[in-house]
Amino acid sequence: VRQRRFDRALLCVEPDVLDALSTLRRAGVRLALVSNADRMDVHAWPNSPLVDFFEAVVFSCDVAACKPDPAIYLAACRALAVRAEGCLFVGDGGGDELAGAAALGMVPVQLTAILDRYFPQLVEPQGVYAQHRIAHLSELSACCAERDELPTL
């Protein structure tokens with residue numbers, strides 16, 4: 001049951017997420033996925049509709065590091081051949097991921113859609129390091145245009 005739940009998360013992606021990623025890619029934004037994930041979490045990754053949107057994918061189970069450890073962010077930067085400074089890092093802020101990104105000079109962007117819906121009390125405390133706060137991924141293109149920064153993790 002647990003495996004099916006993880007697989008479903010990767011296989012049944014909301015259309016608005018796919019549309020937002022498509023818009024970003026068409027705009028020339030380079031995307032990397034950085035995830036604290038074990039083998040069970042990523043079992044269905046090769047069949048996910050998300051695969052084609054990311055130039056680089058870094059799973060913690062592959063690099064033996066979890067956010068906020070600098071190693072996981074830097075692995076994504078190496079894969080994209082970019083410096084951490086100036087990259088946007090998007091996440092909900094759980095596990096101090098935004099603090100970890102900020103410590104490397106990345107621009108932390110808090111994505112609040114799930115928190116707003118299920119855990120609104122966590123938006124502020126988890127977003128303390130965020131330089132931008134967006135409710136939906138479709139709002140990210142405005143952050144990219146505003147800052148003229150392309151690599152996004």
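Any read-out appearing in this document is the output of simple, stated calculations on the displayed coordinates, not a laboratory observation. Just so we're clear, the structure is a prediction, and the values are computed from it rather than from any experiment. Please note: Cβ atoms are built from the backbone with ideal geometry, for glycine as well, and neighbour counts cover all protein chains shown.
Treating the beta-carbon of each Lys and Arg as +1 and of each Asp and Glu as -1, no other charges, what is the dipole magnitude of segment 50-153 about its Cα centre, to the nearest 20 debye?
Numbers: 6 positive and 14 negative charges, 20 e Å.
Using only the charged Cβ atoms, the result is roughly 100 debye.
Give me a comma-separated list of calculated 3J(HN,Hα) values for segment 123-129, in order, Karplus coefficients 6.51, -1.76, 1.60 applied at θ = phi - 60°, integers in Hz, x for any Gly or Pro.
Coupling constants for segment 123-129: 4, 5, x, 7, x, 4, 8 Hz.
Note down, for segment 1-76, the three equivalent ellipsoid semi-axes (square root of 5 times each alpha carbon gyration tensor eigenvalue), biggest first, whole angstrom.
Values: eigenvalues 84, 71, 14 Å².
Three semi-axes, in Å: 20, 19, 8.
Using modelled backbone amide H atoms (1.01 Å from N, in-plane), which distant-in-sequence or interchain residues come within less than 5 Å of VAL34's amide H?
Correct list: VAL58.
Among LEU122, VAL42, HIS132, whose Cα projects farthest towards the positive end of the dipole of the chain, with charges put on the beta-carbon of Lys, Arg (+1) and Asp, Glu (-1)?
Ranked along the dipole, the leading option is VAL42.
Let's see if you can work this out: charge +1 on each Lys and Arg Cβ, -1 on each Asp and Glu Cβ, no other charges. What is the dipole magnitude of segment 85-138 about its Cα centre, in debye to the nearest 20? Mind dumping the intermediate values first?
Working: 2 positive and 6 negative charges, 28 e Å.
It comes to approximately 140 debye.
Ranked highest first by the average count of other Cβ atoms within 10 Å around their residues, in what order do 10-17, 101-108 fall? All intermediate terms of the calculation are to be shown ahead of the outcome.
Details: 10-17: 13.1, 101-108: 20.2.
Packing order, densest peptide first, comes out as 101-108, 10-17.
For the chain, what size does the Cα cloud have along each of its three principal axes, sorted from largest down, in whole Å?
Its Cα atoms span 41, 35, 31 Å along the three principal axes.
Dividing the alpha-carbon radius of gyration of segment 74-135 by 2.2 N^0.38 Å (N being the number of residues), what value is obtained? Don't skip to the answer; put the middle values down first.
Numbers: Rg = 11.9 Å, N = 62, 2.2 N^0.38 = 10.6 Å.
Output field value: 1.13.
What is the P(r) of segment 37-94, as percent of Cα-Cα pairs per 10 Å bin from 0?
The calculated distribution, bin by bin, is 19, 53, 27, 1.
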